[in-house]
Amino acid sequence: MTESTLQLPGHPEVFVIGDMAYVEDGNGHPLPMLSTVALQQADSVAENIRRILASEVLRPFHYKDPGLLATVGRNAAVARIWGLSFSGFIAWLIWVFLHIYRLIGFRNRIVVLINWAWDYFFYDTQVRLITKE
Ligand SMILES: Cc1cc2nc3c(=O)[nH]c(=O)nc-3n(C[C@H](O)[C@H](O)[C@H](O)COP(=O)(O)OP(=O)(O)OC[C@H]3O[C@@H](n4cnc5c(N)ncnc54)[C@H](O)[C@@H]3O)c2cc1C
């Protein structure tokens, strides 16, 4: 559990973000272990470290829900974007292309796209947590 600034209680010199952090939303529900949460927390902590160096007051972290994207298997995903919900193959396609788009650098995008295409066509998946019965 962290303070609202993502500092460890009793250890203001330590920040906790991402999957390691237990942070509740405004309704008392824990924020999910998702990359969107981790990325926004990273931005918030970077800004607060800058504020510490400038002797400014720290800002609490507030999560802005950009929607939801998660794969749950081959050709299977769930997505909630701009208030619209998708599931199955369409959601999976959105997941694939949005994740590649969000990668930094053209080379990274091409490498990941080739890797994922290889895994997809040759069933070379390293780990599958959810399988058919
Ligand atoms: C199978 C799976 C599917 C997922 N799908 C989605 C999805 O579709 N959408 C979504 O938003 N989120 C998804 N997530 C969740 C998302 O991956 C995590 O929420 C996000 O990666 C958390 O970021 P993080 O920086 O906290 O941790 P990580 O991304 O796990 O980064 C932690 C890093 O620390 C390194 N590390 C660990 N121990 C040490 C050490 N002692 N010294 C140095 N380095 C160390 C690790 O190697 C790792 O690189 C998925 C997660 C899993 C496991």
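Residue pairs whose Cβ atoms lie under 7 Å apart, separated by 6 or more positions or on different chains, with the first residue in the stretch 64-85 and touching a residue at least 12 places away in the same chain (Cβ under 8 Å) and the second surrounded by 12 or more Cβ atoms within 10 Å (Cβ to Cβ) and hydroxyl-bearing (Ser, Thr, Tyr), are 66/36; 77/71; 78/87. Is it the case that the stretch 95-106 has a residue that's in contact with an Asp or Glu (Cβ under 7 Å, 6 or more places away or on another chain) and under 30 Å from residue 1 (Cα atoms)? Within the stretch 95-106, none of the residues are in contact with an Asp or Glu (Cβ under 7 Å, 6 or more places away or on another chain) and under 30 Å from residue 1 (Cα atoms).
Can you tell me how many residues within the stretch 83-116 are at pLDDT below 85 and away from the ligand (no atom under 13 Å from the Cβ)? Residues that pass the stated criteria total 0.
Residue selection: residue 75 fails the criterion of being more than 15 Å from the ligand (Cβ to nearest atom), of a type in the set (S, T, N, Q) and farther than 20 Å from residue 37 by Cβ. Identify the single condition in (1) farther than 28 Å from residue 71 by Cα; (2) within 16 Å of the ligand (Cβ to nearest atom); (3) buried (at least 16 other Cβ atoms within 10 Å of the Cβ) that residue 3 does not satisfy, given that it satisfies every other one. The number of the failed condition is (2). Right, residue 111: in the same structural domain as residue 13 (by TED's automatic domain parsing), in a helix (DSSP H, G or I) and β-branched (Val, Ile, Thr) or not? Answer is no for this residue. Taking the conditions exactly as written (more than 12 Å from the ligand (Cβ to nearest atom) and surrounded by 12 or more Cβ atoms within 10 Å (Cβ to Cβ)), does residue 40 satisfy them or not? No, not satisfied.
The values are calculated or read from the model by the stated rules, or taken from the named source; none is laboratory data. The structure displayed is predicted, hence computed values, not measured ones. We place every Cβ from the backbone using ideal geometry, glycine too, and count neighbours over all the protein chains shown.
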